[in-house]
Amino acid sequence: MLTQEQLSKYKEEGCLAIPGFLDEATVKLLNDEIVKLTNDLDLSTHPMTKFTTSEDGEDKHVGDDYFINSSDKIHYFFEVDAVDSNGKLTKPKDKSINKIGHGLHFLNDKFNSITTTKEIAEICKQLGYKDPRALQSMVIIKQPEIGGKVPPHQDGEFLYSDPLSCTGFWFALEDCTLTNGCLRYLPGSHKKHPVRKRFIKDFEKDGTKFIDTETLEDYDFSKEKEASKEEEDSYVTVEIPAGTLVLIHNSVMHKSERNTSSKSRNAYTFHIVEGESEYDNKNWLQVPPGIPSGTQNFTKIFQSV
């Protein structure tokens, strides 16, 4: 359980690191599982989907069928700089993968074993959840020298509910440092930065896009550029050892820089939403795809209590 001091810090800052949450044996078990998952990847049948993010909205975020229909599967996404113009890998596949997701929390026993636990359930209770549901999980790898940066964002943009209820559980499986792209967050931003945009499925173009949460029109990224520049110096770095759990509030601004080191940065993360909140069919992720929107098919966290 969280101490009162930890709980207060999380509520005040919107982000909390808990060192030693996973022991060394569990960290090794999960890293070994990442190797196994990587070895299982058959490149001959892969569409070579790259995981891309956009800092200003001008470049398209990943949004092909392989991505959109990954909520109940184990799919693989590559670093942008690991794929050439002909769709061929420029590095070995174990040095090219950016992300594996998004159904690890119920499809893989090793990752399920740290997702639906009494410890996680107790933390959810302390955070005020009545019926927390896990709906997205993924291994995130910042590959040596090519691991891309992730621009400032809020998790509530990608997993939107009414009311907002998303919390990220982010586990460091390798040491996270300034040079290999550790997390950075803006303390207290969850109190002053409402979620103004949503990442949704584009039903007209069969892709994805960002819309304004109020107008539901395409989001205008130009209005947030200046604010981002002004706040840059206020970001806090989260340099942490392997085994650390980081809790991330749905509205806190966070990001990470490019991995410029010779060491990788493995992590596992899953997200939860309140089962009693509304999760509509605009969200890009539906579990499983094609069924009526809602939380009834998401994984119950309190099942293990």
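The values are calculated or read from the model by the stated rules, or taken from the named source; none is laboratory data. Since the model is a prediction, treat every value here as computed from it, not as a measurement. As a convention, Cβ positions derive from the backbone with ideal geometry for all residues, glycine included, and neighbour counts pool all protein chains shown. Calculation scope for accessible area: heavy atoms of the full protein, side chains included, ligands and nucleic acids excluded. Shrake-Rupley method; radii C 1.70, N 1.55, O 1.52, S 1.80 Å.
Quick notes
- Residue within region 87-100 that is touching a residue at least 60 places away in the same chain (Cβ under 8 Å), open to solvent by less than 10 Å² (accessible area, probe 1.4 Å) and part of a strand (DSSP E or B) present: yes
- When restricted to residues that are open to solvent by 50 Å² or more (accessible area, probe 1.4 Å) and either of a type in the set (Phe, Trp, Tyr) or over 25 Å from ASP109 (Cα atoms) (or both), region 34-52 contains 3.
- Among the residues of region 194-211, just one is touching a strand residue (DSSP E or B) at 6+ places or on another chain (Cβ under 7 Å) and in a loop (DSSP other than H, G, I, E, B), namely ARG196.
- Some residue of region 142-161 being touching a Leu at 6+ places or on another chain (Cβ under 7 Å), open to solvent by less than 60 Å² (accessible area, probe 1.4 Å) and not in a helix (DSSP H, G or I): yes
- Here is the figure for region 270-305: residues that are in a loop (DSSP other than H, G, I, E, B) and open to solvent by 40 Å² or more (accessible area, probe 1.4 Å) total 12.
- First in region 105-117 and without any contact (Cβ under 8 Å) to a residue 60 or more places away in the chain and of a type outside the set (Ser, Thr, Tyr), second anywhere and open to solvent by 20 Å² or more (accessible area, probe 1.4 Å) and not in a helix (DSSP H, G or I), Cβ under 7 Å, 6 or more apart: LEU107/ILE74
- Among the conditions (1) surrounded by 12 or more Cβ atoms within 10 Å (Cβ to Cβ); (2) at pLDDT below 95, the only one that ASN31 does not satisfy is (2).
- A count restricted to region 240-262 and to residues that are surrounded by 17 or more Cβ atoms within 10 Å (Cβ to Cβ) and either out of contact with any Asp or Glu (no Cβ under 6 Å at 6 or more places or on another chain) or outside any loop (DSSP other than H, G, I, E, B) (or both) stands at 16.
- Any hit, region 287-298, residues being over 30 Å from SER8 (Cα atoms) and at pLDDT 95 or above: no
- Contact annotation: residue pairs with Cβ atoms under 7 Å, 6 or more positions apart or on different chains, pairing a residue in region 260-282 that is closer than 23 Å to TYR129 by Cβ with a partner that is open to solvent by 20 Å² or more (accessible area, probe 1.4 Å) and among the aromatic types (Phe, Trp, Tyr), are GLU274/TYR129.
- Qualifying positions in region 184-210 - of a type outside the set (D, E, K, R), open to solvent by less than 20 Å² (accessible area, probe 1.4 Å) and closer than 22 Å to GLY168 by Cα: TYR185, LEU186, GLY188, SER189, VAL195, PHE199, ILE200, THR208
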